[in-house]
Amino acid sequence: MNFDLSEEQQVIADLAAQLFGDLATTERVKAAEQGDGIDRELWASIAEAGLLALSLPESAGGSGMGLVELCLVAQQIGRTVAPVPFTSTTVAAMTLAEHGVGTDLLPGVADGSVILASALAETGANDPLAPSVIATRSGDGAVRLVGEKPAVPALPLATAVLVPAMLDGATILALVDLSTATAGVEITPLKTTSRESQGHLTLDVDVPASHVIDDDAALEQLFLRSIAALSAVQLGVGEGSVAMAAEHVSNRQQFGRPLSAFQAVSQRAADAYIFNEAIRSTVYNAAWQLENEPGDKARADTLAAAYWSSEGTEKVVLAAQHLHGGVGADIEYPVHRYFQWGMQNATALGTATSHLVRLGDQLATR
Amino acid sequence: MDISDTPEEAAFRAEARAWLDEHATPRGQSTEEPDLGDHVQRARDWQRTLHEHGWAGLSWPEEFGGRGLPGAFATVFAEEMAGFEETTGSLTVSLGMVAPTLMAHGTPEQQEHIAKMLRGEELWCQLFSEPGAGSDLATLGTRAERDGDVWVVNGQKVWTSLAQFADYGILLARTDPDLPKHTGISYFIVDMNDPGIEIRPLVQMTGQAHFNETFLTDVRIPAENMVGGVGEGWSVARTTLTSERSSIAGGNSGWSVETLIEEARARGRCDDPVVRQQLAAAHCRAEVLKVMGYRIRTATSQGRFPGPEALAMKLGYARHWVASTETAMELLGADATMYDQSEPWQYAFLNQFAIRLGGGTDEVQQNIIGELGLGLPREPSADRGVPWKDLPR
Ligand SMILES: Cc1cc2nc3c(=O)[nH]c(=O)nc-3n(C[C@H](O)[C@H](O)[C@H](O)COP(=O)(O)OP(=O)(O)OC[C@H]3O[C@@H](n4cnc5c(N)ncnc54)[C@H](O)[C@@H]3O)c2cc1C
């Protein structure tokens, strides 16, 4: 057992920290918020640095690494609230590579010219494993998809979207091409809490057999990887917000002493810090398990990470925001972005409660 | 002990309900969210309507234009009002904080404002907090210097809610820097149209610029606009702050456990046992606040000071707010991540800091409860007795 990062992994973590630290400045983040929710210059830079190709197989021009490495980058994205569709694109790309579907898109993923989306969220109780889109066979392995998907990250920017659907009582993933306007594919851009680019997808469209992943296990795999990656983003969000709060309470004086001298303040900050450590531990454990020993344990461990990164990060960003007092309530001050990201990610692919319900089902029926 | 309405209260409730049915809009009927300016104007209009029909200042003394009814009647009206859209929330500083302060400490001339507030004619803001003086309000440094019949004020206030719409403000300023921090403060009424006042809106996460930075440069305040005597500002301010706590706790939040249950029903989530448990927990929290409210009202109607329950109300309400809006976020599912000012739950969730920070933060409330409720010794402070001008900053 060794929980330390390998030398290679450490290089990636450092590279990502430096790159996002240098480039995802508050001014640039603000500009992306006011634009279409992506910083294209930053996107080009991370492509150039090879970060988009990390987890692609070598056969597709990638570095052949996995989910742990992807999470190292995702963490830095959260830490700097960097507006780039990294997790959305790279997690979907892993699925495509693994199933040999849409592989013509992968070189574009590596060089940054292709953005991918996964339409996991559902209306109502938001259960991504029970897709509401209905697929019917339309001959030769092709399917017709009919339905709607709410809150799809990066959809307005994407070249293609992976859509989970029900086909004859089992789940499939269908890759819907968005590179040209297609009748029966409608995208409505949405305004989100974190200002991340998202869209609502309405489908009534045929997908050729070559773009269908007809494997009932593929959706759960995509879901688990997605929540692991999102949890890594949450880890960074929590770290960034606690660092900002720690600095603020050390500097701001009230009653003739720094706020941090009040134990109510320092203990709340300490709780937030410990939450982050819980999230760090469970997220990297989950990413490693999913990559190296997929199965029931990996599933349970990933749900545990998702629970901590929903429940925990929400508490962390609430604490950091609260400890800033009125200073943080004015959006000229950057801490609110952590709150908005943390809150959005805590519900995006299910809430803490829904992760517990899913995990509880697994534990109780084992 | 009898918790039911007295015959008089029951008759009053029926009368209030009938009037509201005729004059107010049931909740959930209006769809578009007015901008902040419209919202403020609607509060003024509604207050005027209430006043015209005899529903304003129900428990205020008659000498101030009120109806002089026992506090229970105001509660009955508020309970009935909860089912309707109209709100006088933007007038909280005026009606809930300034009016009680002027009733207790104002001169007869100053008290003339009260009738205007009651008619919705005057909107007031609170110029207390400064960049360096939040929880430690008493360190404030805005300076007021005497020049004949006027006080000349210079300094900066911040987080001033609705200053951009206000006619008047209540202002705390330092009149004697040589005295310890609490004793050198005086309390003023300031005309917000004074040319020395500059207001810069600050945008919050809700997308609204509900509060502002307020810069005061050579603002000239006639000496008769001081409330209480020179150096008595802190004790006058305590009346305002106590009133603020109870106003926030009794506030009309635009949501309730009922609306939470309706949301769950509308989204088909009511069969989920986890959701039911969360709804029940919200109900339990709301019950505590409601019944504590009965105790407080009983005490005040018997001429007693309410006990620790009054201190706990604001904190309890803040916690209820946060937990209930978190439940709402759960219910909204994927919609919870949408940013939409017309979505009341999203707005309430993002606006939680107004409740948890404004009027004294949760931790400051806990400190007060520890000291005043439990009798714990005050936190030691190095600045006791030290002239304000000698404080480290
Ligand atoms: C939406 C909103 C509207 C407002 N409207 C008005 C208004 O109209 N007029 C006005 O004058 N002010 C207004 N305020 C200001 C409000 O009163 C202050 O924000 C509040 O008193 C806290 O002060 P601060 O923001 O400086 O936080 P700070 O005092 O800097 O506190 C920061 C953190 O430290 C904690 N802390 C501070 N001291 C202690 C202690 N002794 N023990 C334990 N913890 C402590 C606080 O709880 C908080 O979490 C408003 C604030 C908000 C957010």
> Roughly how many nanometres apart are two label points built 7 Å out from the Cα toward the Cβ at B:Val203 and A:Ala181?
Replying inline: 3.0
>> Projecting each Cα onto the charge dipole of segment A:7-113 (Lys/Arg +1, Asp/Glu -1 at the beta carbon, about the Cα centre), which of A:Thr26, A:Ala97, A:Ile46 comes out farthest on the positive side?
In response: A:Thr26
>> Run the paramagnetic zone check for B:Asp218: 7 angstrom along Cα to Cβ, then residues of segment B:176-200 with backbone nitrogen under 18 Å.
In response: B:191, B:193-199
> Taking square-rooted eigenvalues a ≥ b ≥ c of the alpha carbon gyration tensor, is segment B:7-87 rounded, prolate or oblate, where a/c under 1.5 means rounded and, failing that, a/b exceeding b/c means prolate?
Replying inline: oblate
> How long is the gain from A:Asp104 to A:Asn2 if the chain were fully straight, where each residue apart is worth 0.36 nm and the alpha carbon distance is subtracted?
Replying inline: 33.0 nm
> Which FRET efficiency value, to the nearest 0.05, do you get for A:Asp215 and B:Asp38 by plugging their Cβ-Cβ distance into 1/(1 + (r/R0)^6) with R0 = 45 Å?
Replying inline: 0.25
> If A:Met166, A:Met1, B:Met97 are ordered by their accessible area, calculated over protein heavy atoms with a 1.4 Å probe, which sequence runs from highest to lowest?
Replying inline: A:Met1, A:Met166, B:Met97
>> For segment A:218-364, what does the accessible surface come to per residue with a 1.4 Å probe? Please give it in Å².
In response: 33
>> I want to make sure I understand the PRE zone here: with the label point 7 angstrom from the Cα of B:Asp149 toward its beta carbon, which residues in segment B:98-120 have backbone N atoms less than 20 Å away?
In response: B:107-113
> Under a plain spin-label model, where a point goes 7 Å from the Cα along Cα-to-Cβ, how far apart in nm are A:Thr25 and B:Ala299?
Replying inline: 5.5
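As an exercise, use a Förster radius of 30 Å and the Cβ-Cβ distance of B:Glu112 and B:His53 to find the FRET efficiency, rounded to the nearest 0.05.
Efficiency, from the Cβ-Cβ distance: 0.85.
Need one number: buried accessible surface between chains B and A, 1.4 Å probe, both sides summed, DNA, RNA and ligands left out, in Å² to 100.
Approximately 3300 Å², summed over both chains.
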>> Taking θ = phi - 60°, what integer Hz values does the Karplus form 6.51 cos²θ - 1.76 cosθ + 1.60 yield along segment A:56-69, in sequence order, with x for Gly and Pro?
In response: 8, x, 4, 4, 9, x, x, 9, x, 8, x, 6, 4, 5
>> Placing +1 on the Cβ of each Lys and Arg and -1 on the Cβ of each Asp and Glu in segment A:218-364, which of A:Ala348, A:Ala319, A:Leu230 has its Cα farthest towards the positive end of the resulting dipole?
In response: A:Ala319
>> Taking 26 Å as the cut-off for C-alpha to C-alpha distance, list the pairs among A:Lys191/A:Lys315; A:Lys149/A:Lys315; A:Lys30/A:Lys191; A:Lys149/A:Lys191; B:Lys116/B:Lys290 that go past it.
In response: A:Lys149/A:Lys315; B:Lys116/B:Lys290
> Expressed as a rounded percentage, what relative contact order does segment A:218-364 have, with Cα pairs under 8 Å and six or more residues apart?
Replying inline: 31
>> Solvent-accessible area of A:Thr87, probe 1.4 Å, all protein chains present, reported in Å² to the nearest ten, please.
In response: 30
>> So if the hydrodynamic radius of the protein assembly as shown is defined as the Kirkwood radius over C-alpha pairs, what does Stokes-Einstein give as its diffusion coefficient at 20 °C and 1.002 mPa s, in µm² per second?
In response: 76
> Between B:Arg276 and B:Glu371, what is the FRET efficiency for a Förster distance of 35 Å, r being their Cβ-Cβ separation, to the nearest 0.05?
Replying inline: 0.35
> If you put +1 on each Lys and Arg Cβ and -1 on each Asp and Glu Cβ, how big is the dipole of chain B around its Cα centre, in Debye rounded to 20?
Replying inline: 1020
> Just counting partner chain Cβ atoms within 10 Å, what average do the residues of peptide B:325-334 show around their Cβ?
Replying inline: 6
>> Output needed: percent of Cα pairs per 5 Å distance bin for segment B:349-393, bins running from 0 to the one holding the longest distance.
In response: 5, 18, 16, 14, 19, 17, 8, 3, 1
> Accessible surface of B:Cys284 in the full protein assembly, 1.4 angstrom probe, to the nearest 10 Å²?
Replying inline: 80
>> Quick check: at a probe of 1.4 Å, how many percent of the accessible area of the protein assembly as shown sits on carbon and sulfur atoms?
In response: 52
> Accessible surface of A:Asp177 in the full protein assembly, 1.4 angstrom probe, to the nearest 10 Å²?
Replying inline: 70
> Using the alpha carbon gyration tensor of segment B:253-373, what are the three equivalent-ellipsoid semi-axes (square root of 5 times each eigenvalue), largest first, in whole Å?
Replying inline: 30, 17, 11
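The values are calculated or read from the model by the stated rules, or taken from the named source; none is laboratory data. For clarity, every value in this text was computed on a predicted model and none was experimentally measured. Neighbour counts are summed over all protein chains in view; Cβ atoms, including those assigned to glycine, are modelled from backbone coordinates with ideal geometry. All accessible areas refer to the heavy atoms of the entire protein, side chains included, with ligands and DNA or RNA removed. Shrake-Rupley method; radii C 1.70, N 1.55, O 1.52, S 1.80 Å.
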